[in-house]
Amino acid sequence: QLDVWSKSPVDDLNDLVISRLEAEGFKRGRLLTSDTFVAGMNNKLNLGKNFSCLACDMESGAFAFTAQNLLGQLPWFNLRVVADTLDETLDDYFHKEVNMVEVLANRTVQALTALDEVCRAS
């Protein structure tokens, strides 16, 4: 289980990034990382309840392990743009008239723009 925002190399920069992204409508919270694909709304809701997390992914744990153990505690920052929340399934998006690739691309650009602006101002 990873705290999504806790691995910034500089605490002051971390606070600025968090404030900016939250102002942009992004959520701050815990990210559960798993070695298997987590599917099904009930399964995800149970994981969210049991681990007090907002989302689950498969990649962040590997990045954290590599940075912290294999590369000599290399500072790292993890920013995830997640399509399906714990109370949704990927199938939900097939029934909506929304292009999830476009939504994810727009949110990713928005997050990276905010991050870039904060880093340039620091």
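Of all the residues in the stretch 31-54, those that are crowded, with 17+ Cβ neighbours inside 10 Å, in contact with a strand residue (DSSP E or B) (Cβ under 7 Å, 6 or more places away or on another chain) and not hydrophobic (A, V, I, L, M, F, W, C) number 2. Residues in the stretch 18-54 that are among the polar types (S, T, N, Q) and on the phi > 0 side of the Ramachandran plot: Ser52 alone.
Residue-by-condition table, conditions (1) at positive phi; (2) at pLDDT below 75; (3) surrounded by 13 or more Cβ atoms within 10 Å (Cβ to Cβ); (4) not in a loop (DSSP other than H, G, I, E, B):
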position	(1), (2), (3), (4)
Cys56	no, no, yes, yes
Phe63	no, no, yes, yes
Gln68	no, no, yes, yes
Gln73	yes, yes, no, no
Phe77	no, yes, yes, no
Arg80	no, no, yes, no
Asp91	no, yes, no, yes
Leu104	no, no, yes, yes
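The values are calculated or read from the model by the stated rules, or taken from the named source; none is laboratory data. Keep in mind it's a predicted model, so treat the numbers as computed, not measured. Virtual Cβ from ideal backbone geometry, glycine too; neighbours counted across all protein chains shown.
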